Amino acid sequence: MEIDSYEINKNTCAVLNINNQVSKIIEKDNDYLLEKKSFEVMEDSCAYYGSTFEGRIKGTKKMLGSNYKLPIIIEETNDIIFFPTNGASNESCSWISLNQVDKYENYKGYTKVTFIGGKSIILKMPYSSFEMQLLRASRLQILLSKRVDME
């Protein structure tokens, strides 16, 4: 189904870059095509929840002490954290929801990701790179959780 706009929510599993102008949104129960770059979907979603993509990246850099392929917190009260498959400025970058990943496995040199609910995708991304991104996003989630618990 094609849509005109989209904000990431707790049911969003992935924002896949189809080409430089179209993204595929995968949710638990629906898939959508959107005439926007995956990066623009991320920017719009950050703005929807009251921040900017740049602000979210800056916060992640400070929390993790990293500078490349950074995960971002889209919305903290619902623990919506996404991580990129490439550098965010890369036109082929897709975004995966940390909390929707059920399992992942090596698949012919790429990575097969199965989401909670059973949907799966094949990412043209080495298994080790996917695992590193997942771990980085998990670390961000842990640090965020500790800060929230301290309040």
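Every number in this text was worked out from the coordinates using simple rules, so none of it is lab data. All figures in this text were calculated on a predicted structure; none of them were measured in a lab. Here Cβ is always computed from backbone atoms with ideal geometry, including for glycine, and neighbour counts include all displayed protein chains.
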Here the tail fraction of P(r) beyond 21 Å, over all Cα-Cα pairs of the range 6-151, rounds in percent to 38 percent
For the chain, whose charge dipole is built from +1 on Lys and Arg Cβ atoms and -1 on Asp and Glu Cβ atoms, the candidate among Gln141, Tyr6, Tyr49 with its Cα farthest towards the positive end is Gln141
Relative contact order as a percentage, the range 2-150, C-alpha pairs under 8 Å and 6+ apart, gives 19 percent
Under the Karplus relation with 6.51, -1.76 and 1.60 and θ = phi - 60°, whole-Hz ³J(HN,Hα) for the range 73-81, x at Gly and Pro, equal 8, 6, 8, 7, 5, 9, 6, 8, 10
Projected onto their principal axes, the Cα atoms of the range 68-113 stretch, largest extent first, over whole-Å spans of 37, 27, 14
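How large is the charge dipole for the range 2-150, taken about the Cα centre, if only the Cβ atoms of Lys, Arg (+1) and Asp, Glu (-1) carry charge, to the nearest 20 debye?
Numbers: 19 positive and 19 negative charges, 155 e Å.
Charge dipole of the range 2-150: 740 debye, to the nearest 20.
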Rounded to the nearest Å, the spacing of the alpha-carbon centers of the range 1-57 and the range 80-98 is 11 Å
